[in-house]
Amino acid sequence: APFDGVIIDKHIVLGEVVDGAAETFVIADMGTVWVDFNVNQRDIQPIKIGQRVDVFLAEDVPVIRSKVCYVGRVLDPTTRMAVVRVELDNTKGLYRPGTFVTGKIGIQSGAPGLVVPVDAVQLVNDQTCVFVKTTEGFELRLVTLGQKDADRIEILSGVDSGEQVVTRNAFHLKAELTQQAVSGH
């Protein structure tokens, strides 16, 4: 073989006649493996080469840190997804191609905004809001949202620097607000 590697597939049986052009073995360099993520078309735009990626292999395996090395330019016509690829150093042979993984891609943004848990944001009268702690109690604020992931969401406007946003049990405050509106108090 023209490089060091491991035989990962064999296309020959005992007694088979082959010519010089036949592909009898498939050899792979397992020192580096690719992880391909399928990313929805609505999420692909902000992803760039070099962005940090956390790869999650299994619950008992520490997170693997890498960077985006390829962003697909063509969407799959059936799934409407594009490939985002990262490379993992596999010189110790810990990772096996074909293993199911998940990942989180760190999205770069402009000016840093306030980031809160997704549960802190409530929908009141079809508008996105948060509750801010004031000296009189809690105040409902309309907010403009930025980027989000499964756990956190960015607030671009509606809350001033230094103000405290309710990050847990905001739905209880919303329920209380709704009850007050219904009872007229």
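Compute the accessible area per residue over the stretch 63-121, keeping the other protein chains in place, probe 1.4 Å, unit Å².
So the stretch 63-121 comes to 69 Å² accessible per residue, rounded to a whole number.
Please go through the stretch 141-176 and write out the GluC sites (Glu not before Pro) that DSSP classes as loop and that have at most 15 other C-beta atoms within 10 Å.
Here the GluC sites (Glu not before Pro) that fit, given the DSSP loop and packing criteria, are E163.
Quick one: which residues, 5+ away or cross-chain, put their amide H under 5 Å from the amide H of V159? H built at 1.01 Å from N.
Amide H to amide H, under 5 Å and 5 or more residues apart or across chains, V159 pairs with nothing.
What's the angle, to the nearest 10 degrees (0 to 90), between helix 170-183's Cα axis and the longest principal axis of the chain?
Here the helix axis deviates by roughly 40 degrees.
What is the magnitude of the charge dipole of the stretch 37-185 about its Cα centre, with +1 placed on the Cβ of each Lys and Arg, -1 on the Cβ of each Asp and Glu, and no other charges, expressed in debye to the nearest 20?
660 debye
Using the structure shown, select from K10/K92; K48/K174; K104/K174 the pairs with a Cα to Cα distance greater than 32 angstrom.
Listed pairs above 32 Å: K48/K174.
Could you check which residue among G93, G137, G72 shows the biggest mean-square fluctuation in a GNM of the chain with a 10 Å Cα cutoff?
G137
Which chymotrypsin sites (Phe, Trp or Tyr not before Pro) does the stretch 1-107 hold that lie in a coil by DSSP with at most 15 other beta carbons within 10 Å?
F3, F100
Return the single residue from V121, V13, V39 with maximal mean-square fluctuation; model: Gaussian network over the chain, springs between Cα atoms under 10 Å.
Of V121, V13, V39, the most mobile in the Gaussian network model is V13.
Quick check: at a probe of 1.4 Å, how many percent of the accessible area of the chain sits on carbon and sulfur atoms?
That share works out to 53 percent.
At 222 nm, what value in deg cm²/dmol follows for the chain if DSSP H runs of at least 4 each add -39500 (n - 2.57) and the sum is divided by all its residues, to the nearest 500?
Calculated mean residue ellipticity at 222 nm is -2500 deg cm²/dmol.
For the stretch 66-150, run through the trypsin sites (Lys or Arg not before Pro) and keep only the ones in DSSP coil with at most 15 other Cβ atoms within 10 Å of their Cβ.
R73, R80, K92
Looking at the stretch 30-112, what % of the alpha carbon pairs are farther apart than 23 Å?
Details: 800 of 3403 pairs.
Value for the stretch 30-112: 24 percent of Cα pairs lie more than 23 Å apart.
Give me the accessible area of L94, 1.4 Å probe, in Å² rounded to the nearest 10.
120 Å²
Which order do S161, S66 take when ranked by solvent-accessible area (1.4 Å probe, heavy atoms of all protein chains), largest first?
Heavy-atom accessible area, descending, gives S161, S66.
Amide H to amide H under 5 Å from G103: which residues, 5+ apart in sequence or cross-chain, H placed 1.01 Å off N in plane?
Residues meeting the amide H criterion: F56.
Using just the C-alpha positions of the chain as equal point scatterers, what log10 of I(q)/I(0) does the Debye formula give at each q in 0.11, 0.12, 0.13, 0.17 1/Å?
Those come out to -0.72, -0.80, -0.88, -1.13, one per q.
Starting from the 7 Å offset along Cα-to-Cβ, what nm value, one decimal, do you get for the label separation of R73 and D151?
With each label placed 7 Å out from Cα toward Cβ, I get 3.6 nm.
The values are calculated or read from the model by the stated rules, or taken from the named source; none is laboratory data. This is a predicted model, so every value here is computed, not measured. All Cβ positions, even for glycine, are placed from backbone atoms using ideal geometry, and neighbour counts span all protein chains on display. Please note that ligands, DNA and RNA were not included when accessible areas were found on the heavy atoms of the full protein model with its side chains. Shrake-Rupley method; radii C 1.70, N 1.55, O 1.52, S 1.80 Å.
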